[in-house]
1. Please compute the modelled spin-label separation between D:GLU199 and D:ASP362, points set 7 Å along Cα→Cβ, answer in nm with one decimal.
2. 7 Å from Cα along Cα→Cβ at both B:VAL374 and D:SER215: what's the point-to-point distance in nm?
3. Using mean Cβ contacts within 10 Å as the protection proxy, how do D:625-631, C:137-143 order, highest first?
4. Long-range amide H contacts for D:ARG76: which residues qualify at under 5 Å (H placed 1.01 Å from N, peptide plane, sequence gap of 5 or more or a different chain)?
5. So what is the calculated 222 nm ellipticity per residue for chain D, using -39500 (n - 2.57) for each DSSP H run with n of 4 or more, over all residues, to the nearest 500 deg cm²/dmol?
6. Spelling out what I want: for every residue of region D:501-513, take phi, set θ = phi - 60°, compute 6.51 cos²θ - 1.76 cosθ + 1.60 (Karplus), and round to whole Hz; glycine and proline get x.
7. At a Förster distance of 60 Å, what's the computed FRET efficiency of B:ALA37 paired with D:VAL564, Cβ-Cβ distance as r, to 0.05?
8. With a cut-off of 18 Å, note down the residues of region A:63-104 whose backbone N falls inside the zone around a label point 7 Å from the Cα of C:LEU80 toward its beta carbon.
Amino acid sequence: MTLIPVEHVLIFSLLLFAIGLYGTLTRRNIIGILISIELMLNAANINLVVFAKTTSLSPETGQVFAVFVIAIAAVTVAVGLAIVLALYRSRKTIFADEVHLLKW
Amino acid sequence: MTSHLLSWITFTPLIGAFVLLCLPKRAHDWIRWIALATTAITAGLVCLAFPLFRASESGFQLVERAMWIPQFNIQYLLGMDGISFPMVFLTALISIMACLGSLAHIRVKGGREKEYYFLFLLLETGIMGTFLALDLFLFYIFWEVVLVPMYFLIGIWGGPRKEYAAIKFFLYTLAGSLFMLLGILAVYFGSEPRTFDMTLLASMKYGLVFQKIVFLAFFLGFAIKVPIFPFHTWLPDAHVEAPTPISVILAGVLLKMGTYGFLRFSYPLFPDAARWFQPAMGVLAVIGIIYGGFVALAQTDFKKMVAYSSVSHMGFVLLGLAAMNADGFRGALLQMFSHGTITGGLFLLVGVLYDRAHTRDLNDFGGLGEKMPVYAGILIFFSLASLGLPGLSGFVSEFLTLLGSFQYSKLMTGLAAIGILLAATYLLYMIQRILLGKLNPKWSSLPDINYLELSTLVPLMIFILGIGLYPKIILDYMIPTLDGLLKTMGGAV
Amino acid sequence: MEILTLAAKIGAYALMTGVLLFALGVVALRNLFHSALCLAAALIGIAGLYLFFRADFLAAVQILLYVGAVMTVIIFAIMLTEHLSGKTTIQHNRQSLPAFLGIAALVTVIAKVILQTPWPVTQKALGAHTSVEGIGTALMTVYVFPFEVISVVLIAALIGAVIIAKRENPS
Amino acid sequence: MVTADRIFLIPLLPFAAFVVNILFGARFLKHRAAWLSILTSIAACVIALPVCFEVFGGARFANDFAWLRINDGVLRFGYLVDPLSASLLFMVVIVGTLIQIYASGYMQGDPRYSRFFAYVSLFMSAMLTLVISNNFILFFMAWEIMGLCSYLLIGFYFQKESAAKACFKAFLTTRLGDVGFLIGVLMLFLALGTFDFSEINRALALGDHGALPLSFLATSAIFIFCGTIGKSAQFPLHVWLPDAMEGPTPVSALIHAATMVAAGVFLVARSFTIFMAVPETMPVVTTIGCITAFMAAFIALTQTDIKRILAYSTISQLGYMVTALGMQGLGAGTFHLITHAFFKALLFLGAGSVIHGTHVQDIRQMGGLFKKMPHTAVTFIIASLALAGVPPLSGFWSKDEILLTAFASGHTLVFWILLLTAFMTAFYMFRLVFITFFGKARDPHVHAHESPAVMTLPLWGLVLGAVLLGIPGSPLMHHWFQQFLAHAIHHPEYHPSAFVMTCSVIAAVGGITLAGIIYMKNTHWAESIAKRFRPLYRLSFNKFYLDEIYSKFIIRPFTALGEVLYRFDAKVIDGSVNGVGAGAMWLGAVKNWIDKYIVDGLVNFMGTLTCFLNSIVKRLQTGFVQNYLLIAFLGFLAFIIWELKLV
């Protein structure tokens, strides 16, 4: 029904991923990093859905994996935020560049 | 369960050990009771073997065979015959007694019970395996498994010089077992097709020179364990420094592994070499008997005296083995059993006294017979058993040994008889110094033996008395196998 | 039909553009709360895209799980640490430039690959319908093992998160 | 079989008493312990006496069961009641029971009363087993257990240092003989292939000496005789018996006078066929017996402890019996063994009664006890007369038999020595009697009183035996006893000789008279004689210095050897082990130096180099997560670019 080319969707997801990656690499706030990671995961999900339709696999496969990714994303967020809270409580900061105990 | 009875016997202690590992450190009561229950269950399994074991047959029974490492034709091969059955039974018995002994003793020593009982049960598995393995490779592994827990048990829970004693024990035995390993490999590469299977190896014929060399290698391994005269110096140190229950295991069971090795491997595999070395073994046995006796006489440390008496008594086992005839073998095997029970009991008694007085200096005691009448009675009982009083098991075994050795060499037997006299001397001298005479006021408040300690000793006494009064019950299990062994060695029964 | 198709097409591109813009917002906004809101918007947009791809179930999951659950949690966390996400503090670190350059290179490379690859599929396929039933069947048959593993991971993460976030006993 | 199997009960009943007493005596039975022991002993009597009389009438009992497999045969344990064992059995049950009754009074109030009776019951059990055993191994087992009981009972008052030493000495000394005995038995087994008395007798009667030469059998006989030397306190192992008097007096009577020490003589009688098969061993037996008899009597002349005098007298009399056996006088020796058991037990019990009444043991503190302790005194004097050999008491008949054997078999020297011994016996016994019971009380602190009836009645019981038991072996009954024994084993017999009897009576009466003259009339003579024969007196008083000699030449070297070997063990053997260890440590030290300066030098250089490189590379480690992520990303990027061949 829809008639946009696959390339366009892929380029879109690439851009989304790039934006997410930029955020992950540059945001100081750890929650910000987590949010950015969500973006990247979503970009990957879009790709999964699209690729499933472009190959000979049954189209459900891609969506099933997308569901798995979503579940893992939830896990990431849950554990990540728990770490953030623990970190905040112990060090009074949630800036990634201020936590560098393992520095040389 | 009965189809793999021997495996169950061997590995039940190990299962118990791992159950202990899962328990929290502080659950002292649980740890103790589970350890005790494990030894009891193992003993129960050994008792299960009685109806299954056909005493009148000489071959291996209840055999379990499985390929283990096919590349080298190494098998998991367990089996029991009239030689190993008494030893397995002895192990189960002594383990329970030692475990009961540990209940009081290790608590006194302060903590780390979990590790202690874990190692203890591991040790039991090793000993059981040693007595049941019929594959040389498997045998070697169990042999070494025994070494490691023993090292830690002496090294951690021992007396003031425990590190020295533990290292000495470990190095000594390890050196011996290395020679044995070389011997095992030599046998393996000398067999065609290559195998570690003892039942197959026994039917092969080797050249005399080869036999002699390999026999010597095995001899070193076993001789250190027994211990035979020049290799015995680890024994007093290890016995004295080890905690009481471990001394009991050491003297009661571990020493027998050496002489068991002779009967199980050296003799059937190298009968010609055994005959060639017969005089040497006899001489070493007699030296051990007299030498151990004299040195025991000079001791002022109770435990050391018992330790040296072990050297002397194990000399009788060797003498019986050296006789290489029916009576000698029977005496030797019976002596292995009865020495296990008697010396085990004596070490327990040393422990009882040490726990109360915190000294083992014989000259420091005196007149305890008045304060501790029950203890005195039991100590006298075990001493008499040890010096071979008729009616107790030590007499029957020494008598059979002497009867056997007399048919081999009159001179050696005559000299060994001095050992009997020496045993009476040092044991009675010990009794005189501990129990008789005036009471040293320092000990006027020593309590008599308690029920827990009594429970470790009474079963041993029952066995000593039972065998002494009617030795046929146990000898009937041993004789067919020993006669079979003698036949394979080409001797007349 | 033509018009409808065109409208749908335009809608799709608009959706994509919107999502990208919100995504930029997520990354660029100083106020973390705002960027979280942007993320929510972007996620909803992506859910719309799923609908467009005829992945209705996934869209529903996206809305329910992401927007409903995950976003709530994130916003809670933001609020708990609020005073640090104020406007005055610098929200980006010093490696913006190398990051940007690297990402630009990545985009170039991948885009080139995408454009060079001859995608074998007709555009029709993108719109092919997938049934919820099919997904369910796949989850319970072929992918039942990963499914179970995921649930175990979820449980573990749940417990782990609780333990990590729990206030230490003052013992 | 019914009559046969009750015989197993004879030793088992006292054993049951032992078990009950040792386990429950101290706590539950207390003074009733004695009754248990006495009752089982009486029960044993009731079973044993009919058996004995049946045997006296010509019956014979045997039964056995398999005990142990030896070689390719079976060792069977069981009993054999033949004339020899029946006579011993007769003596043991009666004397044993009477002594236990006496002991229940004597030991009254002792804190370890039940323990005492447990030991005594065990002893009775062992002694009865020994008497009726049918083979050497069972015999040896019972023999050793008797030794144990002796040890335990000598050391009964173990708080006394002297008792502790005495029991140690007794056990070890007898053990020395026992080891010889065991070797002898083993040799016998090697020669004849059996331990069974009947089979041995049968084989030897047929002249079958086994495969080995006769000299081997002779050696075996000598070794077996070692057991006798130890147990029956023969020279040179007699030193333990006087010390054994540290035990309670009933024990001295039962074990160290009547039964256990006689077991050694019984051993020779039991293995008499062996000695007969190798007659060249007989002189050894005779010599040992003769030396013992004379030497002990000589020592007894000067002793002052009432029990020690009796102990030396026992040794002397045992020497008598052994001498008799050595001259093939089986009947004579056994006869004396039986009669001696009765009157010597009586003497000891009398002495015990005296000690009980006066609480002293030194005869120099006694005196004039006849009036205060009439029962004791009369019975004691009767027993002394029997021992001295005054007709018609039992001692006269049995001693006369031995003298007759010596005289008739041509051992003239032995005859005169024995006669002299008999004279000395009469002398020292009446020295004891006169000093103890007559004259004035020497020590005012001693307040003597007669013992209770439970103690005096057994005395009278034993008097019966001491008086009457000589008859069955006397010419009055035509040596019935000797002929009864001879049924079993052939041995020479002699016609009674008036000369021997006269000599014997003269010696006895002479000894008594001399003792009377010296100790009743002219007490100062004793002093002057002692002064006149100073060396002899001191030799006798110090027991031939044997204890000192043993201590110096045997015990000390023995313990010293132990010390030396221990030092050898610690220094040389252990030292060599430690030396190997030390050598290994030295090698270790050398290797250590090499390690430190050569191997380590290289290693350190590598370390420095690494540090230097590290100072450059470590900058990467910023501790900043996103930094790592960036680097990872860039690396990934580079990988992709390279992989896609874009460069």
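Read the figures in this text as sums done on the coordinates, not as results from a lab. The shown structure was predicted, so the numbers you read here are calculated from the model rather than taken from an experiment. In this analysis, Cβ positions are derived from the backbone assuming ideal geometry, glycine residues included, and neighbour counts consider all displayed protein chains.
1. 5.8 nm
2. 5.9 nm
3. Numbers: D:625-631: 17.6, C:137-143: 15.3.
With the highest mean Cβ count within 10 Å placed first, the list reads D:625-631, C:137-143.
4. Placed amide hydrogens put D:TRP67 under 5 Å from D:ARG76.
5. Working: 29 runs with 460 residues, N = 647.
Estimated from H runs of four or more residues: -23500 deg cm²/dmol.
6. 4, 4, 4, 4, 5, 4, 4, 5, 5, x, x, 5, 4
7. My answer for the efficiency is 0.75.
8. A:74-96
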